[in-house]
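Below is one structure, written out as structure tokens; the observations come after it.
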Amino acid sequence: MDLSFTNLSYTLTLLATEYVCYLCLTPPTPAPPASKAASKDRLNAWRDLSKRPVWRWRLVFTIWFYQQLLVLFPSRRSNFCLHPEFLNPDLFRWSTRTIIAFTMIFIFGGLRLSAYKGLGANFTFQLARPSGLIKTGIYRYVQHPSYLGLWVVRCVDFFTLNRGDGVISCVMPGWWEKVLRVPWLSEVLAGGLAIGMGFVLWIRVRDEEEMLKKEFGREWEEWHGKTARFIPGVF
């Protein structure tokens, strides 16, 4: 086991980012009653997030635990990894890639969690009518901080921590090496996932805005007109 300061600090930071990711994917409040559900919610699958099957979280935690083993036991990876030579070493130590990834997760994960706090009981994964239009805190500046935060956190996963040359390499057969040799394949796949998730979240944004406009009318229109959707001064 490598318990050097460099390796241990990396392991603890990795654990912290994994915990932030867990919080970002966990409903902060119970699902709202059916009477408060929005009439238009095209992302019905999101309703299942509040009832996520236990086996899914077990799988996620297993992957995270496995990642910790790869970091803590660098000289013994062959004991629990089919092809440790496929692993990208920059993903399991301090590197420019991991420093940027961890920083982005802390910043944008914190942005999503600040939206949890700002909306309080009104923050639900299922689209539901809120008790009031929140225009304070982070919502003084942006309308959808939680979606931006979630999108960036997941993109970091796609482009860095959960790449094809990451943990997944340990369970892939020998032919996976040929896949890894394809130039920019991991980046292209990650980009596709990022675009797909962005499209899904945009659907939710449009449905939410339609609901808020219907519920709060002129008050929402004035707030919507003077605040950015995601990035102040940009969009």
Of the conditions (1) out of contact with any Asp or Glu (no Cβ under 8 Å at 6 or more places or on another chain); (2) at negative phi; (3) of a type outside the set (Lys, Arg), His224 fails just one. Which one is it? (1)
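Please find, within segment 149-187, the residue that is farthest from the chain's Cα centre (by Cα) out of those that are charged (D, E, K, R) and surrounded by 16 or more Cβ atoms within 10 Å (Cβ to Cβ).
Initially, segment 149-187 is screened for residues charged (D, E, K, R), giving 154, 157, 163, 165, 177-178, 181, 187.
Next, from what is left, pick out any that are surrounded by 16 or more Cβ atoms within 10 Å (Cβ to Cβ): 154, 157, 163, 165.
Working: Arg154: 3, Asp157: 7, Arg163: 14, Asp165: 19 Å.
If we take residues in segment 149-187 being charged (D, E, K, R) and surrounded by 16 or more Cβ atoms within 10 Å (Cβ to Cβ), then Asp165 is farthest from the chain's Cα centre (by Cα).
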Report yes if Thr136 is hydroxyl-bearing (Ser, Thr, Tyr) and either touching a strand residue (DSSP E or B) at 6+ places or on another chain (Cβ under 8 Å) or in contact (Cβ under 8 Å) with a residue 60 or more places away in the chain (or both), otherwise no. no
Among (1) surrounded by 15 or more Cβ atoms within 10 Å (Cβ to Cβ); (2) in contact with a Gly (Cβ under 7 Å, 6 or more places away or on another chain), where does Gly137 come up short? (1)
Name the single residue that is modelled with the lowest pLDDT among those in segment 50-77 being closer than 30 Å to Ala37 by Cα and surrounded by 14 or more Cβ atoms within 10 Å (Cβ to Cβ). Ser50
Can you spot a residue in segment 128-141 that is hydroxyl-bearing (Ser, Thr, Tyr), on the phi < 0 side of the Ramachandran plot and under 22 Å from the mean Cα position of the chain (by Cα)? yes
Pairs returned, first residue in segment 166-187 that is closer than 18 Å to Ser78 by Cα, second residue that is among the polar types (S, T, N, Q) and assigned to a loop (DSSP other than H, G, I, E, B), beta-carbon separation under 9 angstrom, 6 or more apart or interchain, are Gly166/Asn88; Ile168/Asn162; Ser169/Asn88
Please work out which residue is surrounded by the most Cβ atoms within 10 Å (Cβ to Cβ), limiting yourself to segment 78-109 and to residues that are small (Gly, Ala, Ser) and assigned to a helix (DSSP H, G or I). Gly109
Checking Val156, Val152, Val188, Val167 in turn, the sole residue that is at pLDDT 95 or above and of a type in the set (Val, Ile, Thr) turns out to be Val152
Any pair with Cβ under 6 angstrom, 6 or more apart, that starts in segment 9-32 at a residue that is farther than 12 Å from Gly109 by Cα and surrounded by 14 or more Cβ atoms within 10 Å (Cβ to Cβ) and ends at one that is β-branched (Val, Ile, Thr) and at pLDDT below 95: Thr11/Val71; Thr29/Thr124; Pro32/Thr124
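Look through segment 188-205, keep the residues that are without any contact (Cβ under 8 Å) to a residue 40 or more places away in the chain and surrounded by 14 or more Cβ atoms within 10 Å (Cβ to Cβ), and return whichever of them is farthest from Phe159 (Cα to Cα).
First pass over segment 188-205, keeping only residues without any contact (Cβ under 8 Å) to a residue 40 or more places away in the chain: 188-193, 195-196, 199, 202.
Okay, now just the ones that are also surrounded by 14 or more Cβ atoms within 10 Å (Cβ to Cβ), so 189-191, 193, 202.
Details: Leu189: 9, Ala190: 5, Gly191: 8, Leu193: 10, Trp202: 20 Å.
Residue satisfying both the conditions and the ranking: Trp202.
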So which residues in segment 92-121 are closer than 22 Å to Ala31 by Cα, without any contact (Cβ under 8 Å) to a residue 24 or more places away in the chain and polar (S, T, N, Q), if there are any at all? none
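The values are calculated or read from the model by the stated rules, or taken from the named source; none is laboratory data. Everything numeric here is computed off the predicted structure, so don't read it as measured data. Cβ atoms come from the backbone with ideal geometry, glycine included; neighbour counts cover every protein chain shown.
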